[in-house]
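Bear in mind that the values in this text are calculations on the coordinates, not laboratory data. All of these numbers come straight from a predicted model, not from anything done at the bench. Please note: Cβ atoms are built from the backbone with ideal geometry, for glycine as well, and neighbour counts cover all protein chains shown.
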Amino acid sequence: MRLMIALVVWVGAVVGAVAVSDAVSHSIHNRPASAGGFTFTPSGGSSSSSSGGSSSSGGGGSPAPDPSSIKSTDRVSLFRAANLSKALAKARAALGAGARLDNFALYPGYLSMTAVKGGGEVQFYIDAYGQVQRTASPGSPGSTPLFRLSAVSASVPAALAHRISTAGHLPASALHYVVVLVDPISGHGLTWLVYPVQGNRVEYFKASGANGPLFEYRANSSTGLQLVSG
């Protein structure tokens, strides 16, 4: 009987991990190799690497440092609540606080999200230096569950980084990026996935928010998500 219960729990954990992996792959599309898929011009502004649609760019003056080089613990990192709060304020001003999002990917140096508006999508990008890119394009997220920008709290990444460094025993400096999406298991509420840089013992951490239970999915795991204790 105990063996049967253990088997059911193991299968559920594996299925849950697969669902999360599939949802993330669809949510962030192709993981950006540099600053959110955008290239930076010598003027310090930015230009979209994709064609079509309408776009606008912020910045100017001397070139800003490459935002993809910013680490999670740097002073300008968007993992810090105060910095992320400013970036989210600009996103709300550009998209509306009630904007419905298809995906949301946060790196220490930049934030990239896609909002569904009318019959198309708006790709919004802002880096830690305040450079903004907004590109409209036709398209639809299909069956991907949407969530409101207003539901994303600026304090969560910093809180999770602290919990990961204390209870998860992985330093905040080892964290690479965060993905926010609708919980792929329940279909409601938000899930926060925190990915360390490659080569760590943990592939990703999962939580429903700053204070929700924290789980970890270890690299090459066959047992699925495990509750982080301590």
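Set the Förster distance to 45 Å, then compute FRET efficiency between Arg75 and Ser186 from the Cβ-Cβ distance, nearest 0.05.
Working: r = 37 Å, r/R0 = 0.82.
That pair, Arg75 with Ser186, gives E of 0.75.
Of all lysines in the structure, those lying under 23 Å Cα to Cα from Lys71, and not within fewer than 8 positions of it along the same chain, are Lys86, Lys90, Lys206.
The separation of region 74-131 from region 134-202, counted between C-alpha centres, amounts to 13 Å.
Taking a point 7 Å out from the Cα of Ala219 in the direction of its Cβ, the residues of region 163-191 whose backbone N falls within less than 20 Å of it are 164-179. The modelled label-to-label distance for the pair Ser137/Ala167, using points 7 Å beyond Cα in the direction of Cβ, is 3.8 nm. For Ala161, what charge total do you get from the other residues with a beta carbon under 15 Å from its beta carbon, if Lys and Arg give +1 and Asp and Glu give -1? In short, +3. Taking amide H atoms as placed 1.01 Å from N in the peptide plane, the amide H of Leu170 lies under 5 Å from those of Ser165, each 5 or more residues away in sequence or on another chain.
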